[in-house]
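Heads up: the structure comes next, in C-alpha cells.
The values are calculated or read from the model by the stated rules, or taken from the named source; none is laboratory data. The model shown is predicted, which means the values in this text are computed figures rather than measured ones. All Cβ positions, glycine included, derive from the backbone under ideal geometry; neighbour counts span all protein chains shown. Heads up: the accessible areas ignore ligands, DNA and RNA and are worked out on the full protein's heavy atoms, side chains in. Shrake-Rupley method; radii C 1.70, N 1.55, O 1.52, S 1.80 Å.
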Amino acid sequence: VEGKVLTMLTNDSGFEISSAEASVKCLITTIPPNLKKLDPELHLDGKIMQSHLAAIRHARWFEENAQQSSVKVLIRLLKDLRNRFEGLQPLTPWIIELLSHFSVVNHPSRQ
C-alpha cells in the first residue's frame, strides 16, 4: 500500500501486523489430528495451537449464535460493567457472550 507504514511484530503465538488505523493479530494453528505430530524444534507449542483452535471454535459459535442485535447490545453492556467494576473482572469475553446469548434466548416467553 503506497504511503502506508505497516509494522509486523512476531511473538510466541503468531504475529501482528499494524498500521496507524488498524491492527491484525494472526494466530497459527493446525487441525486436531496434527497436534500429536508437532515437532518442538520446528513448530509452535501444542498448548498455544490448542488455544488457537479454541479461538476458532469461539468465533464460529459467536457467528452462529450471537448475531441478534439484543445479544450484541447486552454483550456491550456487560463488557462495560466489567470494565467499571472490579468484582466483574473474572468474567471473560467468552463467558459474557454465553451469558448474553442465553439471557436473550432463554426467557419465559420463549420457552
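Please state which of the following conditions N34 fails to meet, knowing it meets all the rest: (1) surrounded by 12 or more Cβ atoms within 10 Å (Cβ to Cβ); (2) at positive phi.
All conditions are met except number (2).
Restricting attention to the range 68-111, and to residues there that are of a type outside the set (F, W, Y) and assigned to a loop (DSSP other than H, G, I, E, B), which single residue is most open to solvent (accessible area, probe 1.4 Å)?
Q111
Within the set of pairs 6 or more residues apart or between chains, which connect a residue that is over 20 Å from I56 (Cα atoms) and among the polar types (S, T, N, Q) inside the range 30-42 to a residue that is open to solvent by 80 Å² or more (accessible area, probe 1.4 Å) and modelled with pLDDT under 90 with Cβ atoms less than 9 Å apart?
Qualifying pairs under 9 Å: none.
Every residue, every condition in (1) under 20 Å from A55 (Cα atoms); (2) among the aromatic types (F, W, Y), yes or no:
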{"residue": "Q67", "(1), (2)": "yes, no"}
{"residue": "K72", "(1), (2)": "yes, no"}
{"residue": "I75", "(1), (2)": "yes, no"}
{"residue": "R82", "(1), (2)": "no, no"}
{"residue": "F85", "(1), (2)": "no, yes"}
{"residue": "P90", "(1), (2)": "yes, no"}
{"residue": "L98", "(1), (2)": "yes, no"}
{"residue": "V105", "(1), (2)": "no, no"}
{"residue": "P108", "(1), (2)": "no, no"}
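What are the pairs with Cβ atoms under 8 angstrom where one residue, in the range 49-66, is within 13 Å of I31 (Cβ to Cβ) and the other, located anywhere, is open to solvent by less than 50 Å² (accessible area, probe 1.4 Å) and among the small types (G, A, S)? Sequence gap at least six, or different chains.
Matching pairs, first to second residue: H52/S13; H52/G14.
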